[in-house]
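The structure under discussion appears below in the form of structure tokens.
The values are calculated or read from the model by the stated rules, or taken from the named source; none is laboratory data. This structure is a prediction, so every number in the text was calculated from the model and none was measured. Cβ coordinates were reconstructed from backbone atoms using ideal geometry, including for glycine residues, and neighbour counts include every protein chain displayed. To get the accessible areas, we keep the full protein, side chains included, count just its heavy atoms, and leave off ligands, DNA and RNA. Shrake-Rupley method; radii C 1.70, N 1.55, O 1.52, S 1.80 Å.
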Amino acid sequence: MNRSPDKHLTDSASKAPKLKPRGSSQDGLRQYNERVVLQAIRLNGRLPGAEIARLTKLTAQSISMITKRLLEDELLIKETPQRGKVGQPSVPLALNPDGAYAIGVKIGRRSLDVLLVDFTGAVRQRWDLHYDFAAPDRVLAHIAECLGKIKQLLGATHWARIQGIGIAAPLNMGAGSNY
């Protein structure tokens, strides 16, 4: 008995959109879970591991492994253990302010601000420059001077923890000259 495939099924299968397989590497999943844990602590403040597990819906074992890595990377710090009624004391974990830094630069029509922000979002240092017109040479020289001060302030170890520099400026700097 020779059966040929159903022509209708064959035609519809060839017209169906091709699925593009998507997956995640183990490393990608690890980084995602680390970000989830850091975000939970950032939003809720210092938390013990059990509370992080509850908030993130990750297992206690996963939280233990993730927080151990984040402690080794100095992104988290252990705080004073809290003694409860039963069992081992819970150890709250918090973001390490020195875990990472960002630099923000705002170039305005009348002033320039440079900020050094730590991992908790606190402004560590602020420099400003006021002017009548944002002359590029003057603006760039001030930014370079501030970056030098930040590098000196942080030292080599913490300078390496700079994660990025954000720059904000008006679309058209000359548009403000009529004000």
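Working carefully through the options D98, D128, find the one that is surrounded by 14 or more Cβ atoms within 10 Å (Cβ to Cβ) and touching a strand residue (DSSP E or B) at 6+ places or on another chain (Cβ under 7 Å).
Values: D128 fails: surrounded by 14 or more Cβ atoms within 10 Å (Cβ to Cβ).
Being surrounded by 14 or more Cβ atoms within 10 Å (Cβ to Cβ) and touching a strand residue (DSSP E or B) at 6+ places or on another chain (Cβ under 7 Å) holds for just one of D98, D128, which is D98.
With respect to the conditions (1) at pLDDT 95 or above; (2) open to solvent by 40 Å² or more (accessible area, probe 1.4 Å); (3) part of a helix (DSSP H, G or I), I150 falls short on a single one, namely (2). Test D132 against the stated conditions and say whether it is in contact with a Gly (Cβ under 8 Å, 6 or more places away or on another chain) and either among the aliphatic types (A, V, I, L, M) or not in a helix (DSSP H, G or I) (or both). Taking the combined requirement at face value, the residue does not satisfy it. Residue count for segment 33-76, restricted to those that are within 23 Å of R161 (Cβ to Cβ) and under 17 Å from the mean Cα position of the chain (by Cα): 21. None of R46, R83, R69 is of a type in the set (K, R) and surrounded by fewer than 12 Cβ atoms within 10 Å (Cβ to Cβ) except R83.
Scanning segment 93-128 for residues that are outside any strand (DSSP E or B) and under 21 Å from the mean Cα position of the chain (by Cα) gives N96, P97, D98, G99, A100, F119, T120, G121, A122.
Every residue, every condition in (1) farther than 30 Å from L76 by Cβ; (2) touching a residue at least 12 places away in the same chain (Cβ under 8 Å), yes or no:
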residue	(1), (2)
Q125	no, yes
Y131	yes, yes
R138	yes, no
A141	yes, no
L147	no, yes
A160	no, no
Q163	no, yes
